[in-house]
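The values are calculated or read from the model by the stated rules, or taken from the named source; none is laboratory data. As the structure is a prediction and not an experimental result, all values here were calculated from the model. In this analysis, Cβ positions are derived from the backbone assuming ideal geometry, glycine residues included, and neighbour counts consider all displayed protein chains. What goes into the accessible areas is simple: the full protein's heavy atoms, side chains included, and nothing from ligands, DNA or RNA. Shrake-Rupley method; radii C 1.70, N 1.55, O 1.52, S 1.80 Å.
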Amino acid sequence: SDKVVPTRWHYEAKTDLRGEMIKAKARDVVQGFRQTKDTDYKEVFAPTIRGEQVRLLLAVATKHFGLLRKEARLYLRNAKLLQMKLADVLGKGDVKDAYLQSPLPEDEQILFELPLGYEPKLKAPPGFKVVGRALKALPGMKQAGRTWYVHQRHILRDMGFTPCTAAPCIYVKETDTGILVIGHFVDDLIMLNLTRNPHAFDSVKEALSGNYEVKYAGTLDKFLGAEFEEREDGLRLHLTNYIDNITKKYLEEGTKPVMTPEFTAEMSAAEAALLQRADIKMYQEITGALMFAMTTAHPDISHAVNKLAR
């Protein structure tokens, strides 16, 4: 296509567990809503790992670690097992600029406006301007998520990992010493070392670094908005900061909490008609915020959220 798609700067603040900013990020984003299907892109679907699948991986990892500790206590001579930590079994990685690592098919390499403030070395003739051609996926492109998913899938399969039939974003590899598992949500990786070797993932990390840069965390403290706390009896998954933030944002001060929030009132058609656009938008925001909490860590509120969504 000869069409040039506009871009704009997007700014984001990354926060730590206390909600304090640790990094300010800026990226140039393609205005994907201006793309045309079958001209600028073809397929857009890309699966992602689900909340319950993440909880399953966490449960498998902590159970495996518990069995290793039990074995280490029974056979005290095994120094390697005694020294293993949960971080040796359960790890996290973050791919740097994931979309920018994903080659686009030649017929989907769109033209895009250069970001505001960037001065190209080339000079265009009068009446023309210099634009870019996307050889790899850019944030905001309709097909960016799928392009990255296909690229990641190809890399992991070449490394001997097999995607699960029921969970296409979970990959499993059998080795001589046990099983390695990688789950990914776009550029966030969660890694399970289900072996007795704390260095079993070293070769995998080295192979991944040949394709793109991955930043690995020493411990799993945060993943997909959820927070984690290692305890003597396992791993605690919670959304303390997230829930505090949404209650401060949407609830009146002094509202009393209850153990099982539920309601029985129904809204009539006449009452619904009186709602302002701002009221409807806020209702949708609250429901969406609760849906995230439900799918991530609180399936116990599913019934209440289901009624809200209806």
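May I have the extent of the alpha carbons of the stretch 216-262 along their three principal axes, as whole Å values ordered from largest to smallest?
Its Cα atoms span 39, 23, 17 Å along the three principal axes.
For the stretch 173-231, take N as its residue count and report Rg(C-alpha) divided by 2.2 N^0.38 Å. Could you put the intermediate results ahead of the total?
Details: Rg = 12.5 Å, N = 59, 2.2 N^0.38 = 10.4 Å.
Output field value: 1.20.
If you count only protein heavy atoms with a 1.4 Å probe, what accessible area per residue comes out for the stretch 1-77, rounded to a whole Å²? Walk me through the intermediate numbers first.
Values: 5460 Å² over 77 residues.
Averaged over the residues of the stretch 1-77, the accessible area is 71 Å².
Note down the Stokes-Einstein diffusion coefficient of the stretch 174-310 in µm²/s, whole number, using a Kirkwood radius over alpha carbon pairs, 10 °C, and 1.306 mPa s. Could the numbers behind the result be given before it?
Numbers: Rh = 19.0 Å.
In µm²/s, the coefficient is 84.
With a 1.4 Å probe and all protein chains kept in place, how do Cys169, Cys164 rank by accessible area, largest first?
Working: Cys169 0, Cys164 45 Å².
Largest accessible area first, the residues go Cys164, Cys169.
Taking the dipole about the Cα centre of the chain, with the C-beta of Lys and Arg at +1 and of Asp and Glu at -1, give me whichever of Met267, Tyr216, Pro163 is farthest to the positive side.
Tyr216
State to the nearest 20 debye the size of the charge dipole of the stretch 163-310 about its Cα centre, where the only charges are +1 on K and R beta carbons and -1 on D and E beta carbons. All intermediate terms of the calculation are to be shown ahead of the outcome.
Numbers: 14 positive and 22 negative charges, 62 e Å.
Using only the charged Cβ atoms, the result is roughly 300 debye.
Pick out, in residue order, every one of the GluC sites (Glu not before Pro) in the stretch 1-68 that is DSSP loop and has at most 14 other C-beta atoms within 10 Å; say none if there are none. Write down the numbers at each step before the final one.
On the way: sites: Glu12, Glu20, Glu43, Glu52; in loops: Glu20, Glu43.
Passing both the DSSP loop test and the Cβ count: Glu20, Glu43.
Using a 1.4 angstrom probe on heavy atoms only, work out the carbon and sulfur share of the accessible area of the chain in %. List each step's numbers first, then the result.
On the way: 11050 of 20140 Å².
Result for the chain: 55 percent of the exposed heavy-atom area is carbon or sulfur.
Please list log₁₀ I(q)/I(0) at q = 0.14, 0.15, 0.27, 0.29 Å⁻¹ for the stretch 241-310, using the Debye equation with identical point scatterers on the alpha-carbon positions.
Those come out to -0.49, -0.57, -1.47, -1.48, one per q.
What is the projected area of the convex hull of the Cα atoms of the stretch 87-126, averaged over all directions, in nm²? Can you show the working numbers first?
Details: hull surface 24.8 nm².
If I average the Cα hull's projected area over directions, I get 6.2 nm².
Around Tyr41, which amide H atoms from residues at least 5 apart in sequence, or from another chain, sit under 5 Å from its own amide H, with H modelled in the peptide plane?
Thr36
Per q in 0.07, 0.09, 0.14 1/Å, what log10 I(q)/I(0) does a Debye calculation on the alpha-carbon atoms of the chain return?
-0.39, -0.63, -1.23
In whole Å, largest first, what are the principal axis extents of the Cα atoms in the stretch 4-97?
Computed over the stretch 4-97, the largest-to-smallest principal extents equal 67, 34, 21 Å.
Apply the membrane-span-like helix rule to the chain: whole DSSP H runs, Cα extent along the own long axis of at least 30 Å, mean Kyte-Doolittle hydropathy at least 0.0. List the helices found.
Numbers: long enough: 51-74 (35 Å, 0.12).
Long hydrophobic helices here: 51-74.
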